[in-house]
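Q: Quick one: the structure is below, and I'll ask about it shortly.
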Amino acid sequence: MRFVSLIAVIVSSVVALVPSVVLAGDEHDHDRARRAVERGEVMPLQRILDNVERDHPGQVIEVELEQEDGRWIYEIKVLKAGGALVKLEIDAHDGVVLRDRERAPGAGGRR
């Protein structure tokens, strides 16, 4: 019961910190994601965000948690101080960055 309360506090904190937290799909995805964290299949979002802040300083403007081919993926967008937008895809199980794309300010395409 204490663990469930801790998850609720973490989720509430993340929602307060991140302007847009999206779980792709229908409303049942929230429950699936919570259960995945409880089972240890998914790292808590705060641990992921701590790593993102360290490696990609800036303002997190969007977070999505999706399940692709049975694998949980955090998709995170970070707006850097100079205006560049970084899009990260992170393995939610171990925190490994799978894809890192950066777009320069005012650039229409990918870099």
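Q: Can you tell me which residues in region 75-87 are open to solvent by 20 Å² or more (accessible area, probe 1.4 Å) and part of a strand (DSSP E or B)? Explain how you work it out, then say what you get.
A: Taking region 75-87 and keeping what is open to solvent by 20 Å² or more (accessible area, probe 1.4 Å), we get 75, 77, 79-83, 85, 87.
Scanning region 75-87 gives Glu75, Lys77, Leu79, Leu85, Lys87.
Q: What are the residues in region 98-111 that are modelled with pLDDT under 95 and either in a loop (DSSP other than H, G, I, E, B) or within 23 Å of Val37 (Cβ to Cβ) (or both), if any?
A: Within region 98-111, Ala104, Pro105, Gly106, Ala107, Gly108, Gly109, Arg110, Arg111 meet the criteria.
Q: Does region 57-76 contain any residue that is out of contact with any strand residue (DSSP E or B) (no Cβ under 8 Å at 6 or more places or on another chain) and touching a residue at least 40 places away in the same chain (Cβ under 8 Å)?
A: no
Q: Separate question: Might you let me know whether region 34-46 holds any residue that is at pLDDT 95 or above and open to solvent by 60 Å² or more (accessible area, probe 1.4 Å)? Steps first, answer last, please.
A: Applying the first criterion (at pLDDT 95 or above) to region 34-46 yields none.
Scanning region 34-46, I find no residue that is at pLDDT 95 or above and open to solvent by 60 Å² or more (accessible area, probe 1.4 Å), so the answer is no.
Q: Right, something else. Could you tell me whether any residue of region 88-97 is loosely packed, with under 12 Cβ neighbours inside 10 Å and either of a type in the set (Val, Ile, Thr) or part of a strand (DSSP E or B) (or both)? Reasoning before the result, please.
A: Let us first name the residues in region 88-97 that are loosely packed, with under 12 Cβ neighbours inside 10 Å, namely 94, 96.
Then keep just the ones that are either of a type in the set (Val, Ile, Thr) or part of a strand (DSSP E or B) (or both); that gives 96.
Yes; the residues of region 88-97 include at least one that is loosely packed, with under 12 Cβ neighbours inside 10 Å and either of a type in the set (Val, Ile, Thr) or part of a strand (DSSP E or B) (or both).
The values are calculated or read from the model by the stated rules, or taken from the named source; none is laboratory data. Note that the structure is predicted; figures quoted are calculated from it, not measured. Please note: Cβ atoms are built from the backbone with ideal geometry, for glycine as well, and neighbour counts cover all protein chains shown. Quick note on the areas: whole protein, heavy atoms, side chains included, nothing else; ligands and nucleic acids left out. Shrake-Rupley method; radii C 1.70, N 1.55, O 1.52, S 1.80 Å.
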